[in-house]
Structures are given as C-alpha cells and as structure tokens.
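**Student:** Attaching a single structure in structure tokens format; questions to follow.
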Ligand code: 6R9
C-alpha cells in the first residue's frame, strides 16, 4: 500500500517529522527528563521531582510519585484563573436537531462543577469514595466526572447502554455507595429510562447504595425512593469548594472493561500519570490550536470519552463538542450537519460509524460544508483501507490528515498513531509509536521478533498513562497483562510491523471480540446464555461483519428435550440483552447437539472461529478431538444457513 504524504500546504504546529524523531529518541533515551518536561503542561500544587518509578516484574508502576495536583483544577479552574473564563469549554449538541445547542464557557463549567461537587459533599461523598455514573451524553456527565475529581472521589462511569444487571455488578464490584444518573437519556428519538434502570439495579439482592443523585434532563416521570433519591437541583450550592490536592498516585477513576475470562475488570487509573498522558497525547495527536472546535463522537461511558472528550481536551483548554445523539438520526447526514453547524476542525470517530455512513453513499456528506475540518481521527478497532480512503477522500476531501489511533482502556491514552502532517499515512496502519512507547512483537513462545514481521503486541516499558491495577484484584492485573510474556505488558492484540516501522493492528488474539468498537469478552456472552434455563452449554466467537467489524456468533447446546425454534432464538437474544445490554445481542445463533472438545473437555474455539468465518479449508489439527463427527455436523449446519 502506498503511503500518503502530508500535503505540503499543511504544517503541524507542534511537531514536524524531524521533531518526531528527535523527541521519540529523547523519550526513549532519557525518559525521566522527557516526562518531567511534559509534566509541565499541568499545574501541580507540588511539582514532582522524578517521573517513572516502575517494574513489570514484579509489577509495580508509579509515576510522578512525589507530586500533588488536581485534574479538575487543570481542566477547569486553571483556565478561569488564567483569564480564559469566557472561552467555550463544551458545546452541547442535543439528540433532536430542533433543540437548541448549548455553549458552556469555562466560567460556567466551573460554576456547574462546583455546584455538583457541593451536592456530592452534601450527600456524604468523601475523598477516595467510589461514585458510579450512569449518564446520558449530556454536559452533566462531564460535570459529574470533574466534580468527583475535584473532591478526590473515584468515578466509575457505566455506559448508559448497559442493562440493570450489568450496572448492578459494577456497583457492587467497586463498593460504590453513590450513583449519579438522569431521569432518562435520548438517542435517535428513543428514550433510555436511565433512572428506572438504576432502580432495577438497586432492587437486586445485595445491591445497596446510600444515595442516588438524579439530573432532570428529559422530564420523564420517575419512581422515587425517599431518603435515597435526590434531584441534583435540590442539592446544589455555590459555596466555595476548593480542589482537593491529590497525590499523583491517588486513584482518579475505575472503568470496567471486558477481558478473555471472567467478569469485566475494573481498570484503575491514577491522577498524575493519566493527566500528563492524556494532556500530552491530545496536544500532539490532534495538533490542537487555540480556538479550534474539537469533536469526539464517543460516549463518556468508554475510555475514549474519558480521555478525549473530557480530560485531554479540557486540560488543553480546547472547545470540546458533546453530542447526545446517533449518526443516523434524523438521517445519515447528521454528523456532517453538526460539523457544518459548529465549524468542527478536529473530528474523532470509530470505523464502525465510518463504514455505516459509507454505505449511505457520498450525497449525505457532500450536502454539508466540511471546509472547517483539518484532522480526522479513528479509534476502537482496525479500520479497513476502503473505509480509510472514503474517510480521507470523501469526508476530508483529500485535504485532512487522518490519524488512526491505537490504544486501550488499560493504556489510558493513544499509544500508536501517526502525527498529523508530520508522518506519511498508510491506510489501515495505525502508524508509529507515540513518545515513550516501546512496542515489541513476540511469537507465541515469547521469542522477540525483529524487523518487518508479525506477532503478538507487547509494550516493554511503562508510560505515564498506564493502568495501575484491577480494582480489588491486583493478582488478576498481573495475571492478565504481565504473565503471558513475563516482564512485558501484553496487549492482547496481534500486529504486523512493516519495513518502514509502521504498525498494523490485526485484531485481538485472545477471547475478546470487538463489536462496533465495543470490547466484549466471549465468556461474558457465554455466561449470559447459560443462565437461560433451556441452555446447556454455549460457545461464543467473533466473525467478520461488514459494519460492526465483528459480529457475535453463538454456538448453543440446549438441554435434553428442548427444541430450537425462531421463538427460542428471539428469547435468547432478548435474554442476553437483558443480562448485558443491547451491544451484546447475538448476531447468529447456531444450535448444535454438541461442541467440538478435546479429550480433556476443552472447547476447541479455533475450530469454532473458522466455521463461523465460513473457512473450512484451514481447520488445522482436529486429531485431538474427542468426537470429530461433531465438526462435520457443525459445518453442514453452517453451510445450510
Ligand atoms: C480506545 C479503545 C481496545 C481494543 C484494542 C484493539 C482495538 C482500538 C484500534 C484498535 C486497531 C485501532 N483497537 N483502537 N484496533 N486499530 N486504531 O478502543 O479501548 O475499548 O479498551 O478497546 O480495541 O483490539 O485492544 P478499548
């Protein structure tokens, strides 16, 4: 694939190609000096005297340990103190284009965050307490995160599309005594009953909180538990509420993410390193310049929303657009209508959205003026070259830089990407490691692979934004990320490196699938399926899906006496939605009397993946199967679909 060079007319204000090489070299050779310098982007109450202090064996990761700071101060108060209070911090674009957009200045942001922080204090929230947020995509979601950061509480945002069951699990896992939610949310003309979902979560056995703080947003009727539920507007106050000085290693947030085994993990990020990492990556990767309008279409329920709607942009005093709706409402031109309306310069979205919009043709894009656009970002899953080209040529009129940013919940921020107008771009490749990132490709035995090659992607040195632990289970953190290849952080992704040192992420190599950019553990969907009383056993794999990237393919064995039927299919789909949420809805249910297993009883997922992919030529070694005839039957059913 040919590389596309940056247009000569566009220069990156912060880094040219030569600067990248020099800075990258410095970040590798003198990490302490480099990261102390980058830390100066933030305001510290007590500046740190050293940067990284870490080991991957044994696992112990600390950055800026003797510094103290507050990220709410950095994202809000600092800009007001520096006389930028008039500048717009957040533009809110509501779901319904007929409703008015809101422009929230840094002054207003400070007032709102202080008001909410006071409400939290009034409810008894203290430094170190976990607070669960279950919010629509409205500015109050950002206020709530920043209010927690302000008083030193640890936020745990749960995506508003998760079910009450999933929410309940996340509330209990981190021992959260407080929930912030809204009466309801809006998405593409639909209403999401958030408060009712919270009520359902809290009605479950063993789930109990002290208080639920409710934002009035849609105006829908809600049930009320006296003593427990409080309207935000009844609790706010404008009393002084100083930013709590936090040690750099004090926790900032927990965010649940799926892994290859067990329940979702509460990935924990701390204050100083995460702050420096998101501020620095946002600055370089989006090449943000004062006055520009930046829009990331993610939800604050995902890490992309944390790092690149809230913390990264606001710490850089950017104007960050928050969009409540969906790309297809009222029609497939909504994204571009919003770009035109607010003159968006920097736009960051996911390949699944690009593919879905590409299917609608060029007309909905061309209907709107996109001349304000300068940088186009992609995140969440590999972007296929065809979608990349459409994004570059049609959306960006072959004029904008495209940054394909590879990173993870656990990495806190962007790890591999090109820098706009500093690097040549290769459609489908994430590009080069960001400053301080040392990727390594290894074979399945851990052997290091050099040069142009393909293997499992590890990172050999810590970076400030790295997750510190899994909340409440440090052993699981070590097991999941540092034990497959001892002494290295293993990402779970496969990757190819080309002769120019560009990285091409090939997708997960573990039992995690990526559906529309959302990470899902196949084990989670399996556990949900077997909870159904007609299901005996289930095995779930991903398979290629045109729009979603990967679809969810479920092999299901029913209990004796049960018959498969269309009704049962619908029932199982509804069951999984109820247990996890709509994003986990199975795409394919494949009923089978048995699953291919080794003699020791292990399900052979490799074979199930191949069959789901309709790829029977490469089933590999089936000699260890207990009953090889199972495979023939599975293939037959698959082919007859
Ligand atoms: C930020 C985010 C992480 C997984 C990751 C990888 C996939 C993310 C990607 C990408 C190829 C990119 N992924 N960005 N794959 N190219 N630019 O998405 O975090 O939800 O934790 O997912 O997503 O497989 O391991 P998270």
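Each reported figure results from applying straightforward, stated rules to the coordinates on display, with no laboratory input. Bear in mind the structure is a predicted one, so any value in this text is a computation, not a measurement. In this analysis, Cβ positions are derived from the backbone assuming ideal geometry, glycine residues included, and neighbour counts consider all displayed protein chains.
**Student:** Under 18 Å from a point placed 7 Å out from the Cα of residue 103 along the Cα-to-Cβ direction: which residues of the stretch 330-346 have their backbone N that close?
**Tutor:** Within reach of a label on residue 103, which here means backbone N under 18 Å from a point 7 Å along Cα→Cβ, the stretch 330-346 contributes 338-346.
**Student:** Label-point separation (nm) for residue 239 and residue 204, each offset 7 Å from Cα along Cα-to-Cβ?
**Tutor:** 3.5
**Student:** Could you calculate the contour length gain from residue 629 to residue 260, that is, 0.36 nm times the residue separation minus the distance between their Cα atoms, to one decimal place in nm?
**Tutor:** On the way: separation 369, 0.36 × 369 = 132.84 nm, distance 2.79 nm.
Answer, rounded to one decimal: 130.0 nm.
**Student:** Restricting to bridges with both residues inside the stretch 150-306, how much of the DSSP beta-bridge set is antiparallel, in percent to the nearest 5? Don't skip to the answer; put the middle values down first.
**Tutor:** Working: 9 of 19 bridges.
Given both bridge residues lie in the stretch 150-306, the antiparallel proportion sits at roughly 45 percent.
**Student:** For a test of the definition: using alpha carbon positions, the gyration tensor, and the 1.5 limit on a/c, classify the stretch 374-492 as rounded, prolate or oblate. Kindly include the intermediate steps, with their values, before the conclusion.
**Tutor:** Numbers: a/c = 2.48, a/b = 1.83, b/c = 1.35.
Prolate.
**Student:** Counting other C-beta atoms within 10 Å, which of 516, 629 has the fewest, and how do the rest follow?
**Tutor:** 629, 516
**Student:** Let me ask something else. Take every DSSP beta bridge with both residues inside the stretch 179-244 and express the antiparallel ones as a percent of the total, to the nearest 5. Spell out each step's value before the answer.
**Tutor:** Numbers: 3 of 10 bridges.
Once the DSSP bridges in the stretch 179-244 are tallied, antiparallel ones form about 30 percent.
**Student:** What's the FRET efficiency of residue 622 with residue 533 using the Cβ-Cβ distance as r and R₀ = 35 Å, to the nearest 0.05? Can you show the working numbers first?
**Tutor:** Details: r = 32 Å, r/R0 = 0.92.
That pair, residue 622 with residue 533, gives E of 0.60.
**Student:** How large is the convex hull of the Cα atoms of the stretch 122-206 per residue, expressed in Å³ as a whole number?
**Tutor:** 87
**Student:** Quick check: residue separation of residue 17 and residue 499 times 0.36 nm, minus the Cα distance between them. What number comes out in nm?
**Tutor:** Values: separation 482, 0.36 × 482 = 173.52 nm, distance 1.77 nm.
Length gained, residue 17 through residue 499: 171.8 nm.
**Student:** Expected output is a single nm value to one decimal: the length gained when fully extending between residue 506 and residue 571, i.e. 0.36 nm times separation in residues minus the C-alpha distance. What is it?
**Tutor:** Values: separation 65, 0.36 × 65 = 23.40 nm, distance 3.40 nm.
Gain on stretching residue 506 to residue 571: 20.0 nm.
**Student:** Let me ask you something else. If packing is taken as the mean number of other Cβ atoms within 10 Å per residue, what is the order of 308-320, 523-535, highest first? All intermediate terms of the calculation are to be shown ahead of the outcome.
**Tutor:** Working: 308-320: 26.2, 523-535: 19.0.
Top of the packing list down: 308-320, 523-535.
**Student:** Kindly put 567, 107, 205, 183 in sequence by how many other C-beta atoms sit within 10 Å of each C-beta, fewest to most. Could the numbers behind the result be given before it?
**Tutor:** Working: 567 9, 107 16, 205 6, 183 20.
Ascending Cβ contact count within 10 Å gives the list 205, 567, 107, 183.
**Student:** Between residue 386 and residue 615, take the C-beta separation as r, use R0 = 22 Å, and let me know the FRET efficiency to the nearest 0.05. Provide the component values of the computation, followed by the final result.
**Tutor:** Values: r = 21 Å, r/R0 = 0.94.
About 0.60, to the nearest 0.05.
**Student:** Let me ask another. Determine, from the Cβ-Cβ distance of residue 564 and residue 329 and an R0 of 60 Å, the FRET efficiency 1/(1 + (r/R0)^6), rounded to the nearest 0.05.
**Tutor:** Details: r = 35 Å, r/R0 = 0.59.
According to the calculation, E is roughly 0.95.
**Student:** If you restrict to DSSP beta bridges whose two residues both lie in the chain, what percentage is antiparallel, to the nearest 5?
**Tutor:** On the way: 63 of 104 bridges.
Close to 60 percent.
**Student:** To continue, here is another question. Return the distance in nm (one decimal) between the two label points of a simple spin-label model at residue 343 and residue 84, each offset 7 Å from Cα along Cα→Cβ.
**Tutor:** 1.8
**Student:** Considering only C-alpha atoms, what is the centroid distance from the stretch 560-595 to the stretch 143-200, in Å?
**Tutor:** Spelled out, the Cα-based centre of one part sits 27 Å from the other.
**Student:** If packing is taken as the mean number of other Cβ atoms within 10 Å per residue, what is the order of 330-340, 79-89, highest first?
**Tutor:** Numbers: 330-340: 19.5, 79-89: 16.5.
Highest mean packing first, the order is 330-340, 79-89.
**Student:** Given the C-alpha centroids of the stretch 63-83 and the stretch 624-640, what is the distance between them in whole angstrom?
**Tutor:** A separation of 60 Å, based on Cα centres.
**Student:** Determine the distance separating the Cα centre of the stretch 17-62 from the Cα centre of the stretch 480-541; give it in Å without decimals.
**Tutor:** Each part's Cα centre sits 30 Å from the other's.
**Student:** May I pose another question? By counting other Cβ atoms within 10 Å of each Cβ, how are 463, 35, 224 ranked from fewest to most?
**Tutor:** Details: 463 29, 35 24, 224 14.
Listed from fewest to most nearby Cβ atoms, that is 224, 35, 463.
**Student:** Moving on. Expressed in nm², what is the orientationally averaged projection area of the convex hull enclosing the Cα positions of the chain?
**Tutor:** Numbers: hull surface 113.2 nm².
Here the figure is 28.3 nm², rounded to one decimal.
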